[in-house]
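First comes the structure, then the notes that go with it.
The values are calculated or read from the model by the stated rules, or taken from the named source; none is laboratory data. Everything quoted here is computed from the prediction, not taken from an experiment. Methodologically, a virtual Cβ is constructed for each residue, glycine included, from the backbone with ideal geometry; neighbour enumeration extends over all protein chains shown. For the accessible areas, the whole protein counts, side chains as well, though only heavy atoms, and no ligand, DNA or RNA atoms are used. Shrake-Rupley method; radii C 1.70, N 1.55, O 1.52, S 1.80 Å.
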Amino acid sequence: MTGVFEYAPAPESRDIARLKPSYQIFVDGQFRDGSGEAIKTINPADEEPLAEVAEAGASDVDDAVAAARRAAEGPWAAMPAKERGKYLFRIARAIQERGRELAVLESLDNGKPIRESRDVDIPTAAAHFFYYAGWADKLGHAGFGPSPRPIGVAGQIIPWNFPLLMAAWKIAPALACGNTVVLKPAETTPLSALVLAEIIAETDLPPGVVNVLAGGPSIGQAIVENDGIDKIAFTGSTEVGKIIQRTLAGTGKRLSLELGGKAANIVFDDAPLDQAVEGIVNGIFFNQGQVCCAGSRLLVQESVADELITMLKRRLGTLRVGAPLDKNTDVGAINSAAQLARVRELSQAGEDEGAQRWSPPCELPDRGFWFAPTLFTGVEQAHRIAREEIFGPVLSVLTFRTPDEAVEKANNTPYGLSAGIWTEKGSRILAMANRLRAGVVWANTFNRFDPTAPFGGYKESGFGREGGRHGLEAYLDV
């Protein structure tokens, strides 16, 4: 008797998110209505409205920057570093205490599977606050001089793919170094940042130290152009990063950019293929491939290419696509209609240019923004799917014969954010890592993050580092 075991639905209750009908911006320690137009944020899994969000206007940006400046030159600057660290510890513990609520909220607003938000996003966000809380009174030992000083007011603009985690990456080191913050979450995923503002308010952080402004590109532009901002930290697309860099040229403002990527995941013929398949799946289908460091190019040694692709297709057939709040779901919804259109456009270009497209049998929901896990073989380096960041669950497979060819193909991209190497030889790992132009190189794993480790890119993937001791430098006047 043959058959397939089916998982019974195991949904997490959306009531845990404690959604409110409306959310306000957070300025100078107070929640208030923004002067912009209120918008509705929607659930990408079913296109139903979640809540109304008050968007900021230009006057709100001015008020937030002024509040941050007062705090930077007043109580926050005067506070002993050890006391500043205590606030970060409080925030970290509060994130842990409200972890289940935040996980459900993140999956509702973003579309990612609850397993990922529960097991990765929320714990790692708390871990960043814990880690940088420990640095607050030890900055003189971080290697940036005996008494480094904060820069001042940091304007921080974050993307929609990891809303709470990106907020933690930005806010935690800034506060540990004694800076104050004006944060703008992405317009499609503002909810977890606004709940983080609630947590910050409950920890009695001095008014103005952290300000959270929901809004679209115009609010991001207003933050970038505001004369009261001393530093901009941006995570997002390379195109917007270039605009910000041109805008800030000659102003004296500090800038760090974490932009797009087109990572190569390189599998040699001596790699443990079962393990590599799991790393490949994690590298490109984690968070629906909406990851700047996603392993979207698979470079596999020619002698094992057929075997690996067969194994990979078999594994893709077991992925469960569906409701993000179901604990059995592996692949959730694409974040927005605009992003889904981008994924579809580039996938069609892959077919039009001659690559062979394959997806496992997959019944997608009728409503929402969905795209089946997709594999392209017969990909050439000139194809758009091998050159452009798709930011979706689409993997392009190329082959190589020698390590030199693998390096040449891996580096044949304007990006340089991450890469992966799969081999049993430690000497090969070290030799390849030294030649790959990528800010992060994983060996026999992929998409592993830790607050103690720096993260950032080269070339059109940006500059500056977040995480680890290196992440302090972006917020210190050294």
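For LYS262, the lysines whose Cα falls under 18 Å of its own Cα, not counting residues fewer than eight places away in the same chain, are LYS242, LYS409, LYS459. In plain terms, the chain from LEU364 to GLN245 could stretch by 38.8 nm, reckoned as 0.36 nm per residue minus the Cα-Cα distance. Computed over protein heavy atoms with a 1.4 angstrom probe, the accessible surface ordering of LYS231, LYS138, largest first, is LYS138, LYS231.
Residues whose amide H comes within less than 5 Å of that of VAL53, counting only those at least five positions distant or on another chain, are TYR23, ILE39, LYS40, THR41 (H built at 1.01 Å from N in the peptide plane). Once backbone amide H atoms are built at 1.01 Å from N, ARG149 has ASP477 as its partners under 5 Å, excluding neighbours fewer than 5 places away on the same chain. According to the calculation over all Cα-Cα pairs in the range 279-428, the P(r) per 10 Å bin from zero is 11, 42, 35, 11, 1 %. Across the range 339-423, the fraction of Cα-Cα pairs farther apart than 20 Å, rounded to a whole number, is 39%.
Taking Cα atoms only, the orientation of helix 163-176 departs from the longest principal axis of the chain by about 50 degrees.
Accessible surface ranking for VAL120, VAL379, 1.4 angstrom probe, highest first: VAL120, VAL379.
In the chain, taking the dipole from charged Cβ atoms about the Cα centre, the farthest positive-side position among GLY368, ASN444, VAL281 is held by ASN444. Remark: the chain carries a charge dipole of roughly 1160 debye about the Cα centre, counting +1 on each Lys and Arg Cβ and -1 on each Asp and Glu Cβ.
With an a/c value of 1.5 or above and a/b not larger than b/c for the gyration tensor axes a ≥ b ≥ c computed over the alpha-carbon atoms, the range 82-240 is described as oblate. When only alpha carbons are used to place a centre, the range 216-237 and the range 150-169 end up 11 Å from one another.
What shape does the range 52-114 take by its C-alpha gyration tensor, where a ≥ b ≥ c are the square roots of the eigenvalues and a/c under 1.5 counts as rounded, a/b above b/c as prolate, and the rest as oblate?
The shape class here is oblate.
Spatially, the range 86-101 and the range 113-129 are offset by 12 Å when compared through their Cα centroids. Ordered from largest to smallest accessible area (heavy atoms of protein chains, 1.4 Å probe), the residues GLU408, GLU363 come out as GLU363, GLU408. Three principal axis extents of the chain based on alpha-carbon atoms, in descending order, are 67, 48, 37 Å. Using Cβ point charges alone (K and R +1, D and E -1), the dipole size of the range 112-196 about the Cα centre works out to roughly 80 debye. Shown here is the pair-distance distribution of the range 239-348: with all Cα-Cα distances grouped in 5 Å bins from zero up to the longest one, the shares run 2, 10, 15, 18, 17, 13, 10, 7, 5, 3, 1 percent.
Across the range 117-129, coupling constants 3J(HN,Hα) worked out from phi with the 6.51/-1.76/1.60 Karplus curve, θ = phi - 60°, read 5, 6, 9, 10, 4, 5, x, 6, 4, 4, 4, 5, 5 Hz, and Gly and Pro carry x. For the range 1-121, report the % of Cα-Cα distances exceeding 19 Å. Counting pairs separated by more than 19 Å, the tail of P(r) holds 66 percent. Highest average first, the peptides 89-102, 349-362, 257-270, 460-473 ordered by how many other beta carbon atoms sit within 10 Å of their residues are 257-270, 460-473, 89-102, 349-362. Taking Cα atoms, how many degrees apart are the long axis of helix 302-316 and the longest axis of the chain, rounded to 10 and kept between 0 and 90? For helix 302-316, the angle is close to 70 degrees.
Working note: Karplus 6.51/-1.76/1.60 with θ = phi - 60° gives the range 38-54 the couplings 6, 10, 9, 8, 10, 7, x, 6, 9, 6, 8, x, 9, 6, 8, 10, 6 Hz, where Gly and Pro are set to x. For the peptides 449-456, 293-300, 12-19, 121-128, residues were scored by their other Cβ atoms within 10 Å and the scores averaged per peptide; the highest-first order is 293-300, 121-128, 449-456, 12-19. Within straight-line reach of LYS138, meaning a Cα separation under 14 Å, sit the following aspartates and glutamates at least 8 residues removed in sequence or on another chain: GLU83, GLU473. Between the range 19-63 and the range 412-478, the C-alpha centres lie 35 angstrom from each other. Can you bin the range 388-478 into rounded, prolate or oblate? Criterion: square roots of the alpha carbon gyration tensor eigenvalues sorted a ≥ b ≥ c, rounded for a/c under 1.5, prolate for a/b above b/c, oblate for the rest. The shape class here is prolate. 3J(HN,Hα) couplings calculated from phi for the range 234-242 with the Karplus curve 6.51 cos²θ - 1.76 cosθ + 1.60 (θ = phi - 60°) are, in sequence order, 10, 10, x, 6, 4, 4, 5, x, 5 Hz; Gly and Pro show x.
From helices alone, the chain scores -11500 deg cm²/dmol at 222 nm; the rule is -39500 (n - 2.57) for each run of n ≥ 4 DSSP H residues, then divide by the residue total.
Compare the peptides 148-160, 104-116 by average per-residue count of other Cβ atoms within 10 angstrom and give them in order, highest first.
Order by mean packing, descending: 104-116, 148-160.
For SER296, the residues 5 or more places off, or on other chains, whose built amide H falls under 5 Å of its own are ALA263.
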